[in-house]
1. Of Pro74, Ala48, Gly182, whose Cα points farthest to the positive end of the dipole of the chain (charges on the beta-carbon: +1 Lys, Arg; -1 Asp, Glu; origin at the Cα centre)?
2. Which one of Ser19, Ser34, Ser160 has the biggest mean-square fluctuation once the chain is modelled by GNM with Cα springs under 10 Å?
3. Using θ = phi - 60° and the Karplus form 6.51 cos²θ - 1.76 cosθ + 1.60, what ³J(HN,Hα) does each residue of the stretch 132-148 get, whole Hz, x for Gly and Pro?
4. Would you please put 130-138, 198-206, 57-65 in order of how densely packed they are, using the mean number of other Cβ atoms within 10 angstrom per residue and starting with the highest?
5. So what J values fall out for the stretch 101-108 if you push phi through Karplus, 6.51 cos²θ - 1.76 cosθ + 1.60 with θ = phi - 60°, rounded to Hz, Gly and Pro as x?
6. Can you bin the stretch 108-208 into rounded, prolate or oblate? Criterion: square roots of the alpha carbon gyration tensor eigenvalues sorted a ≥ b ≥ c, rounded for a/c under 1.5, prolate for a/b above b/c, oblate for the rest.
7. Taking the Cβ of each residue in Asp157, Asp170 as the centre, tally the other Cβ atoms inside 10 Å and list the residues starting with the fewest.
8. From the mean inverse distance of alpha carbon pairs (Kirkwood) and the Cα radius of gyration, derive Rg over Rh for the chain.
Amino acid sequence: MTPLDKLIVTAESALRTLSGSASAARTCPRPDVSPAQLARSEQRLSGALMRVNHVGEVCAQALYSAQGLTTRDPELKRQFAHAAREETDHLAWTEKRLDELNARTSVLNPLWYAGAFAIGLLAGRIGDATSLGFVVETERQVEAHLADHLKRLPQSDLASRAIVIQMQADEAAHAASAESAGAAPLPAPARWAMRLAARVMTSTAHYL
């Protein structure tokens, strides 16, 4: 593609992510039994946690888009594109669940997207090994974050829990694929900075 083509595709991806028009290729995970009616307090908690998860998927779209732009390796481009498609499923699932919970997405999504895109560009410019290392560290942190949400989600919110469980499995697979593709471990200061940024993002998105 020409630089203009890449710019158009990148802009289209950003608009699709931020407009709430994501479409899943896979069926949204559902519990085997009919979910119970949530109390108002449980619904508010689930809505806040799923909003945080939705923000994570907005950031994932930005990261994979930026990393796909920077790599010159065709196979790696395909790997990033495949992961991005699965993350699009997560984006659509969390959007749908937020609607069911009468909750909204984060008002700061454009900011989250822009920041994640910039980080993905930086990692990609350093090199493919670093870019893949960033994927591994990001996905490992997301796995831990989703495990924490499974503990915090109301036990009766089977619908949200089913989505989070599938997301967790997919994130683990993305990390494993990046490792097998030649990811370089990130230095400790970079990992700490990523954890700090993630803490700021999740605590803010819980409310905003």
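1. Selected residue: Ala48.
2. So, out of Ser19, Ser34, Ser160, the one fluctuating most is Ser34.
3. So the J values, rounded to whole Hz, are 5, x, 5, 4, 4, 5, 4, 5, 5, 5, 5, 4, 5, 5, 5, 4, 5.
4. Details: 130-138: 23.6, 198-206: 15.7, 57-65: 25.1.
So the order, starting with the most tightly packed, is 57-65, 130-138, 198-206.
5. Along the stretch 101-108, the couplings run 8, 6, 10, 10, 7, 5, 6, 9 Hz.
6. Taking the square roots of the gyration eigenvalues as a ≥ b ≥ c, the stretch 108-208 is oblate.
7. Ascending Cβ contact count within 10 Å gives the list Asp170, Asp157.
8. Taking Rh as the inverse mean 1/r over Cα pairs, Rg/Rh reads 0.96.
Read-outs throughout are calculated quantities, based only on the coordinates presented, and are distinct from any laboratory measurement. These figures come from a predicted structure and were not determined experimentally. Because the Cβ atoms are built from the backbone with ideal geometry, glycine has one as well, and the counts that use them run over all protein chains shown.
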